Amino acid sequence: MNVQKLTIQKAKNYDHALYELLLLADPSKEIVDEYLERGECYTAWADDELAGVYVLLKTRPQTVEIVNIAVKESLQKKGFGKQLVQDAIEKAKELGANTIEIGTGNSSIHQLSLYQKCGFRLQAIDHDFFVRHYDEDIFENGIQCRDMVRLYLDL
Ligand code: COA
């Protein structure tokens, strides 16, 4: 597949379009705002169109985490998500990190596939994370999203 190369840069405007993307990955604006305050937000552009976003957070010494990643719905399944993850891996290396981590729901089948295709390995399960932290029950792919699957990649 011929994949268009995205232009990825630090976010400049925290506008409605950017929030729409961030909220695709996490329905809680409160949590998204906390990530934006603590982390670095990168936006990805396909020509002049905002195509994707990710937020990278330093969590522990030499460890960073992708805490939010999303591709605009109309542009999904074109390889942009993979480009975002690969860019985050490069940024983590530039920051001198030894490990990059990401967490996703037990029901997020495509995300689990994407992250493992990018080299991430399974690390741990935070049982009932989504039950504890979200008011509404979340369902995806006919599965209740209860547990946070933690993945890591040694750099
Ligand atoms: N169906 C099947 N496979 C899918 C898929 C889908 N809907 N979405 C992603 N994948 C898998 C495929 O295995 C694909 O591998 P391939 O290139 O070998 O076919 C791989 O992921 C990469 O797909 P890609 O096109 O790069 O992903 P994307 O641009 O669709 O972005 C997300 C993936 C997860 C960022 C995007 O679906 C999204 O924004 N989802 C909503 C927000 C979200 O869930 N964020 C993550 C929270 S943990």
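The values are calculated or read from the model by the stated rules, or taken from the named source; none is laboratory data. The structure presented is a predicted model; accordingly, all values stated were derived computationally and were not measured. So basically every Cβ, Gly included, is an ideal-geometry build from the backbone, and we count neighbours across all protein chains shown. Just the protein is used for accessible areas: all its heavy atoms, side chains included, with ligands, DNA and RNA removed. Shrake-Rupley method; radii C 1.70, N 1.55, O 1.52, S 1.80 Å.
Give the longest segment of the chain that steers clear of chymotrypsin sites (Phe, Trp or Tyr not before Pro) in DSSP loops with at most 16 neighbouring Cβ atoms within 10 Å, not counting the sites themselves.
Numbers: sites that count: Y14, Y134.
With chymotrypsin sites (Phe, Trp or Tyr not before Pro) excluded where exposed in loops, the chain gives 15-133 as its longest stretch.
Take the chain, connect every pair of alpha-carbon atoms lying under 10 Å apart with a spring to form a Gaussian network, then pick out the residue of V67, V53, V32 with the largest mean-square fluctuation.
V32
Percent relative contact order of the stretch 1-128, based on C-alpha pairs within less than 8 angstrom and at least six residues apart?
Across the stretch 1-128, relative contact order equals 21 percent.
When the chain is fully extended, how far beyond the present Cα-Cα distance does H133 get from K93, taking 0.36 nm per residue of separation?
That pair, H133 and K93, stretches by 11.3 nm at full extension.
Take the chain, drop everything but the C-alpha atoms, weight them equally and run the Debye formula without solvent; then report log10 I(q)/I(0) at 0.19, 0.20 Å⁻¹ to two decimals.
Treating every Cα as an identical point scatterer, log10 I(q)/I(0) equals -1.32, -1.46.
Read phi for every residue in the stretch 39-56 and hand back ³J(HN,Hα) as whole Hz from Karplus 6.51 cos²θ - 1.76 cosθ + 1.60, θ = phi - 60°, with x for Gly and Pro.
Karplus-based 3J(HN,Hα) across the stretch 39-56 equals x, 10, 9, 10, 10, 10, 10, 9, 6, 9, 9, 5, 9, x, 8, 8, 10, 10 Hz.
Between Q144 and E34, how high is the FRET efficiency from 1/(1 + (r/R0)^6) when r is the Cβ-Cβ distance and R₀ = 22 Å? Nearest 0.05.
Working: r = 25 Å, r/R0 = 1.12.
The calculated FRET efficiency here is 0.35.
How long is the stretch 29-92 along each principal axis, judged by its Cα atoms, biggest number first, in Å?
Principal axes ranked by extent give 35, 27, 18 Å for the Cα atoms.
Dipole of the chain, Cα-centred, from +1 at each Lys and Arg C-beta and -1 at each Asp and Glu C-beta, to the nearest 20 debye?
680 debye
How many percent of the accessible area of the chain is carbon or sulfur, using a 1.4 Å probe?
With neighbouring chains kept in place, the figure for the chain is 46 percent.
List the residues whose amide H sits under 5 Å from the amide H of G105, counting only those 5 or more places along or on another chain, with H placed 1.01 Å from N in the peptide plane.
HN-HN under 5 Å from G105: V149.
Would you grab the residues whose amide H sits under 5 Å from the one on I138? Only those 5+ places off in sequence or on another chain, please, with H modelled 1.01 Å from N.
C145
Before I look further, what does the chain give for accessible area per residue, probe 1.4 Å, in whole square angstrom?
Solvent-accessible surface per residue comes out at 59 Å².
Quick one: 3J(HN,Hα) in Hz for the stretch 144-149, Karplus 6.51/-1.76/1.60 with θ = phi - 60°, rounded, Gly and Pro as x.
Each residue's phi maps through the Karplus curve to give 6, 8, 10, 9, 8, 8 Hz.
Please check: in the Gaussian network model of the chain (C-alpha springs, under 10 Å), which one of G103, G81, G142 has the largest mean-square fluctuation.
G142
Quote the charge dipole size of the stretch 69-155 about the Cα centre in Debye, to the nearest 20; the model charges only the Cβ of Lys and Arg (+1) and of Asp and Glu (-1). Working shown, then result.
Details: 11 positive and 13 negative charges, 91 e Å.
With Lys and Arg at +1 and Asp and Glu at -1, about 440 debye.
Give the lysines reachable from K78 as a straight Cα distance under 26 Å; neighbours fewer than 8 places away on the same chain don't count.
Hits, sequence-local ones excluded: K5, K10, K12, K91, K93, K117.
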